[in-house]
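Right, one structure below, let's go through it.
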Amino acid sequence: MLSLIEKVIFLKAVSLFSETPEEVLVELAAILEELDLPPEKTIIEQGEPGSSLYVIIDGQVKVHDGIRTLTILGARDVFGELSILDPGPRAASVTTLERSRLLRLDREPFHELIDDHSVVSRRIMQILVRQLRYAYREARLNQPAETLLNRVDQPHPST
């Protein structure tokens, strides 16, 4: 188990929290729950409502849609950040690939933290906007060429 100081040092190296003041990180570290999970443990089930954000201390997890792997995440990666803001259904499942240690932040303690410290909510919003931009760009790149060509032929709404 990580001590409070070790959690603060670790969080400082996580992109989501890297610009968060240390006094806020101390508060955050105090409310994080450490999990030690075996290989092949499902952490998040696609379609289920979510209420927690996870940070990987060590180990690896796969984010997947059924049998299709979407990405592999490792140390200092964060997942579940959408559900900490909105309890909608999870977009994908997440399963450990090996023994993994995680930190879990639940929605209610997170809301209390951002009520007191807006820097945390601003950073979460920045990360989410980057993810949305990336997803939008990927969606456009993965469309069939004829779909994109049809868009070019259409007049722009502002014209």
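In segment 119-142, the residues that are at pLDDT 75 or above reach residues that are of a type in the set (Val, Ile, Thr) with C-beta atoms within less than 7 angstrom, at least six apart or across chains, in these pairs: Val119/Thr20; Val119/Val24; Val120/Thr20; Val120/Val24; Val120/Ile114; Ser121/Ile114; Arg123/Thr20. Could you tell me whether any residue of segment 15-23 is hydroxyl-bearing (Ser, Thr, Tyr), in a loop (DSSP other than H, G, I, E, B), under 23 Å from Glu112 (Cα atoms) and within 14 Å of the chain's Cα centre (by Cα)? No, the conditions are met nowhere in segment 15-23.
Evaluate the following for Leu4: is it out of contact with any Phe, Trp or Tyr (no Cβ under 8 Å at 6 or more places or on another chain), hydrophobic (A, V, I, L, M, F, W, C) and surrounded by 15 or more Cβ atoms within 10 Å (Cβ to Cβ)? Before the answer, list the steps.
On the way: out of contact with any Phe, Trp or Tyr (no Cβ under 8 Å at 6 or more places or on another chain): yes; hydrophobic (A, V, I, L, M, F, W, C): yes; surrounded by 15 or more Cβ atoms within 10 Å (Cβ to Cβ): no.
So Leu4 fails the test.
Please specify each residue of segment 65-113 satisfying the condition of being in contact with a Lys or Arg (Cβ under 6 Å, 6 or more places away or on another chain) and of a type in the set (D, E, K, R). Even if it seems obvious, please write down each step before you answer.
We begin by selecting, within segment 65-113, every residue in contact with a Lys or Arg (Cβ under 6 Å, 6 or more places away or on another chain); these are 69, 72, 84, 95-97.
None - no residue of segment 65-113 is in contact with a Lys or Arg (Cβ under 6 Å, 6 or more places away or on another chain) and of a type in the set (D, E, K, R), so the list stays empty.
Could you check segment 84-107 and list, in sequence order, the residues that are without any contact (Cβ under 8 Å) to a residue 40 or more places away in the chain and either surrounded by 14 or more Cβ atoms within 10 Å (Cβ to Cβ) or part of a helix (DSSP H, G or I) (or both)? Those that are without any contact (Cβ under 8 Å) to a residue 40 or more places away in the chain and either surrounded by 14 or more Cβ atoms within 10 Å (Cβ to Cβ) or part of a helix (DSSP H, G or I) (or both): none in segment 84-107. Quick check on segment 46-53. Is at least one of its residues surrounded by 12 or more Cβ atoms within 10 Å (Cβ to Cβ), touching a helix residue (DSSP H, G or I) at 6+ places or on another chain (Cβ under 8 Å) and farther than 29 Å from Gly66 by Cβ? Within segment 46-53, not a single residue is surrounded by 12 or more Cβ atoms within 10 Å (Cβ to Cβ), touching a helix residue (DSSP H, G or I) at 6+ places or on another chain (Cβ under 8 Å) and farther than 29 Å from Gly66 by Cβ. Of all the listed residues (Glu40, Glu81), the sole one being at pLDDT 95 or above, part of a loop (DSSP other than H, G, I, E, B) and in contact with a strand residue (DSSP E or B) (Cβ under 7 Å, 6 or more places away or on another chain) is Glu40.
The values are calculated or read from the model by the stated rules, or taken from the named source; none is laboratory data. What you see is a predicted model; the values in this text were computed from it and never measured. Backbone-built Cβ (ideal geometry, glycine too); neighbour counts: all protein chains shown.
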